[in-house]
Amino acid sequence: MTGTQRSSDGLDARRRKLLFRSWHRGMREMDLILGSFADAEIGALTGDEIDQYERLLEIPDTEFFPMVTGERPVPPDIDCAVLRKILASRRTMTF
């Protein structure tokens, strides 16, 4: 797994930007986790979920990665439907 498997064709500008940001985080592990999630889900997320995903992508990798891997609990203020989808997606990944 080295990069996006999904084309941005057919996505609106906001979703294209989120797909790109998901694969270009800075920490390779987060690229793989969020990029794979975005490949699978970006086209189906609702408007509210896109808002949630944008907020999650603002969290620095050094804070977000321990939450995604279960090393640190998820603070209630960022717990949302999209984060639960990311966590479920992460549990199915093998590296």
- Modelled FRET efficiency - R0 41 Å, R91 with A13, Cβ distances, 0.05 increments: 0.85
- Alpha-carbon radius of gyration plus Dmax, which is the widest Cα pair, for the chain in Å: 12.3, 36
- Query: Can you give the relative contact order of segment 1-80 as a percent, counting alpha carbon pairs under 8 Å and 6+ residues apart?
  - Reply: 28 percent
- Note on the structure: GluC sites (Glu not before Pro) in the chain lying in a DSSP loop, each with at most 16 other Cβ atoms within 10 Å of its Cβ, come to E58, E71
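Bear in mind that the values in this text are calculations on the coordinates, not laboratory data. What you see is a predicted model, and the numbers here were worked out from it, not measured in a lab. Positions of Cβ are backbone-derived with ideal geometry, glycine not excepted, and every protein chain shown enters the neighbour counts.
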